[in-house]
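Take a look at the structure set out below.
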Ligand code: CP3
């Protein structure tokens, strides 16, 4: 007989096997929690990422407060370029000390032994795997997508917000594609290692892909994204894709064929559900700024999302982007509780 207690609600929901709506929040560890900010007083951000015991503690902090259905490993998308040899600086947000200027700079990076260079993250996942073993909580690993990683790796002086990767793509389309595929290889290797270390679901954050047009997404990003998802799919490893500003890209994001599409708040959830085939689970989509309103407005907006998804057997409640610093804790609590009681 199957021991249903140990089944992970989130994974069951992805397969449309449960009527219960699971809930977790992007960026739920760190940022806004007082106990995280307390730890930050004595440790640098990278120190926290690189100490498996501390990273484990921060990953578990949200679970001690809220009845979320998943724990996301505390780390950052920028640890991969760091592992490739790009030094991080904090002012106070992380930025690379010597951003890439051209293809030659990229080709000088380290591409081998990435797994060994991020072994501390794999150690954190192993610890968390044990912590969650006898629970119905899932463990989430993640990576930045090739395009979003490259956006942070490039020289930004003289540009405003992330025009640099698009300019690079038009100036060197061949090299750009080569870079996307090379980063896709590394991201795949990293995600597979996280799965081996215990991650149940892998989320790929492509935060900046929404700055591309639908046609450019297809031309420049879809092939390398498909390379990542195809490899994970072949191995039956659940993968979620998140793009901020995704509503104009839906038809192409569907073609990346993930198990889960994590959508932003720009459209009502019902609009997204109409367009996304039922074979793909949908995650989202409360605007994180709603959590700064009253408990009553959080309740109303969240109930509206849940009721829009009432017919959908594979909706996962989440925010439309990461939870923001200074978010009032009582509203986070209300958000999570609504999923549990509705
Ligand atoms: O709860 C979690 O999800 C924790 C793990 C996590 C972090 N960053 C920790 C972090 C995850 C999944 C990320 C993803 C991430 N990092 C993304 C994609 C998701 C998104 O929100 O769009 C991006 C674009 C980054 C890059 C990044 N890291 C920026 C722009 C910043 C500075 C602004 C900020 O988020 O505070 C970071 C730093 C960072 N990453 C912090 C945390 C907790 C704050 C560091 C601090 O406490 O000083």
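Every number in this text was worked out from the coordinates using simple rules, so none of it is lab data. This one's a predicted model, so the numbers in the text were calculated from it and none came from an experiment. Virtual Cβ from ideal backbone geometry, glycine too; neighbours counted across all protein chains shown.
Remarks
- Here the convex hull built on the C-alpha positions of the range 15-123 has a volume of 147 cubic angstrom per residue.
- The order of 265, 170, going from fewest to most other C-beta atoms within 10 Å of their C-beta, is 170, 265.
- Isotropic mean projected area of the C-alpha convex hull, the range 298-340 (nm²): 3.2 nm²
- Using alpha-carbon coordinates, inclination of helix 329-341 to the longest axis of the chain, degrees: 60 degrees
- Expected 222 nm ellipticity per residue - DSSP helices of 4 or more, -39500 (n - 2.57), all of the chain, to 500: -13000 deg cm²/dmol
- Calculated diffusion of the chain, Stokes-Einstein form, Kirkwood radius summed over Cα pairs, 4 °C and 1.567 mPa s, µm²/s: 64 µm²/s
- For the pair the range 288-342 / the range 232-276, the C-alpha centres are spaced 19 Å from each other.
- With Cα atoms defining each centre, the range 122-189 and the range 15-68 are spaced 20 Å apart in the structure.
- Net length gained if the chain between residue 41 and residue 67 were fully extended (0.36 nm per residue, minus Cα distance): 6.7 nm
- All C-alpha pair distances within the range 152-287, sorted into 10 Å bins from zero, spread as 11, 41, 34, 13, 0 percent across the bins.
- Global form of the range 1-64, assessed from the alpha-carbon gyration tensor, a/c cut-off 1.5: prolate
- For the chain, the longest principal axis of the Cα atoms and the long axis of helix 52-65 meet at an angle of about 30 degrees.
- Among beta bridges identified by DSSP and lying wholly in the chain, the antiparallel ones come to about 10 percent.
- Helix 295-308 axis versus longest C-alpha principal axis of the chain: approximately 80°, rounded to the nearest ten.
- Among 301-314, 85-98, the peptide with the highest mean count of other Cβ atoms within 10 Å heads the list, and the full ranking is 301-314, 85-98.
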